[in-house]
Amino acid sequence: MRALAVEPGSWRSLSDAGMVLTMVKTLELALAKAARLSAEAQEHLGRELLERIDSLAALRAEIEAGLRELDAGEGEELDIEEFIKQAQAEDGDA
């Protein structure tokens, strides 16, 4: 097993570090399996993975911006029932 270098303060808890170690092992397994695919399939998979990573990064940025707004007292009370109805109407589930 390889050692994982961790900078002080980079982990919230020991369990978070365990999650990352598991993710790294899973990613290594996925990459090993992907290496056996054709070049075309690897390119397709790589593009999909990059798109997913970019999407998650954008979502994280939106969440962090929302948290900063809440921390600054800019949040508004939410009527959850109305929110659900609006979301269902937008998705065509109403």
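General remarks:
- Any chance residue 69 is surrounded by fewer than 10 Cβ atoms within 10 Å (Cβ to Cβ), part of a helix (DSSP H, G or I) and more than 17 Å from the chain's Cα centre (by Cα): no
- Set side by side, the residues 47, 52 differ, and just one is within 12 Å of the chain's Cα centre (by Cα), modelled with pLDDT of 95 or more, assigned to a helix (DSSP H, G or I) and not polar (S, T, N, Q), which is 52.
- Pairs are defined by a Cβ separation below 7 Å, a sequence spacing of at least 6 or placement on different chains, a first member in segment 46-72 that is closer than 23 Å to residue 34 by Cα, and a second member that is in a helix (DSSP H, G or I) and at pLDDT below 95; no pair meets this definition.
- Segment 72-94, subset loosely packed, with under 10 Cβ neighbours inside 10 Å and part of a helix (DSSP H, G or I), residue modelled with the lowest pLDDT: 91
- Filtered residues of segment 30-44 (kept if in a helix (DSSP H, G or I), of a type in the set (A, V, I, L, M, F, W, C) and surrounded by 10 or more Cβ atoms within 10 Å (Cβ to Cβ)): 30, 31, 34, 41
The values are calculated or read from the model by the stated rules, or taken from the named source; none is laboratory data. Just so it is clear, the structure is predicted and the values come from calculations on it, not from any experiment. Note that each Cβ is placed from the backbone with ideal geometry, even for glycine, and that neighbours are counted across all protein chains shown.
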